[in-house]
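Worksheet for the structure shown next.
Quick note: the coordinates plus some simple rules give every number you see, no bench work behind them. Here the structure is a predicted model, which means the values were calculated and not measured. Here Cβ is always computed from backbone atoms with ideal geometry, including for glycine, and neighbour counts include all displayed protein chains.
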Amino acid sequence: MIRFAFIIVAAVLALAVNTDVVSNTVIAQTPPTSGDAADPVLLEDLVAANRILANEGVLDAYGHVSVRHPGNPDRYLMSRSLAPILVTANDIMEYDLDSIPVDLKGERSVLERFIHGEIFKARQDVNAVIHSHSPAVIPFGITQGPMRPVYHMASFLHVGVPVWDVRAVDDPDAAGLLVRNGAIGTSLASTLGAGPVVLMRGHGNVVVASSVQAAVARAIYTEVNARLQTIALGLGGPVNYISSEEGAAWDKFSGDTTRGWDLWKKQAFER
Ligand code: MN
């Protein structure tokens, strides 16, 4: 009887350990299949995005950029856990939308990768996701006044910038503020809704777009807008924001995103 009980306890323990290992995806029992080799130009753009965002002060040692796999919409590409400015094409890993790596290659995955997988699941229109702790944006996640566009380059914010609070997520993993699992990621994706940006209370923000170039521009201008809005609010009196109509018109007519990308890329690689 004692022996039988021991076997049961051992089996339960083995299961618990196994579940833990799988949930951390140290070893996925059946790794997802690859979406095949990604276009080297896309990989180069993803590397450039990491470097640009570090150079522009949007990313520091933390934060990450992902792109949806062009060969399979159920896969995405993102660097292993590494400071963004150090990322090269060899560091790019492939994940399924549950954020399980196709091939871990003995490397460490980004802990908050679920942000990316769950947003790619929820938003078919999104092909790039950026999670940053860009500093000027933080105050708008912890105070009552909403973030709104104060100049044309950030007019995409006219649709509204929701604030997501991890504290409201009923999940024991949420206590540490990070997006540690798919359920927390789903909650974040739900608050993002159909918009371009969601703020994370006391943590950072997420910016999405249909291309990595557009996402980078939005992440940079979200940070700049936060600085400018803070200055405008400090001057006192009512602020004359970009209106919804102006924002919608800008969305329609602003076509040239390559000029910013070329400049940021040149500056980032000259460092
Ligand atoms: Mn984070």
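Using only the C-alpha atoms, the convex hull of segment 159-215 corresponds to 85 Å³ per residue.
To the nearest 0.05, how large is the calculated FRET efficiency for LEU178 and ASP98 if R₀ is 30 Å and r is the Cβ-Cβ distance? E(calc), rounded to 0.05, equals 0.95. Only lysines eight or more places from LYS265 in sequence, or on another chain, were considered; none has a Cα closer than 21 Å. Straight distance only, please: which aspartates and glutamates reach the Cα of LYS105 with their own Cα at less than 12 Å, same-chain residues fewer than 8 apart left out? Within the straight-line limit of under 12 Å, LYS105 reaches these aspartates and glutamates: ASP91, GLU94. Stretched out straight at 0.36 nm per residue, the stretch from GLN144 to THR257 would grow longer than its current Cα-Cα span by 37.5 nm. The residues TRP250, TRP164, when put in order of fewest to most other Cβ atoms within 10 Å, stand as TRP250, TRP164. Computed from label points 7 Å out along Cα-Cβ, the spacing between SER34 and ALA83 is 3.0 nm. What the Kirkwood sum gives for the chain is a hydrodynamic radius of 19.7 Å, with every pair of different alpha carbons counted.
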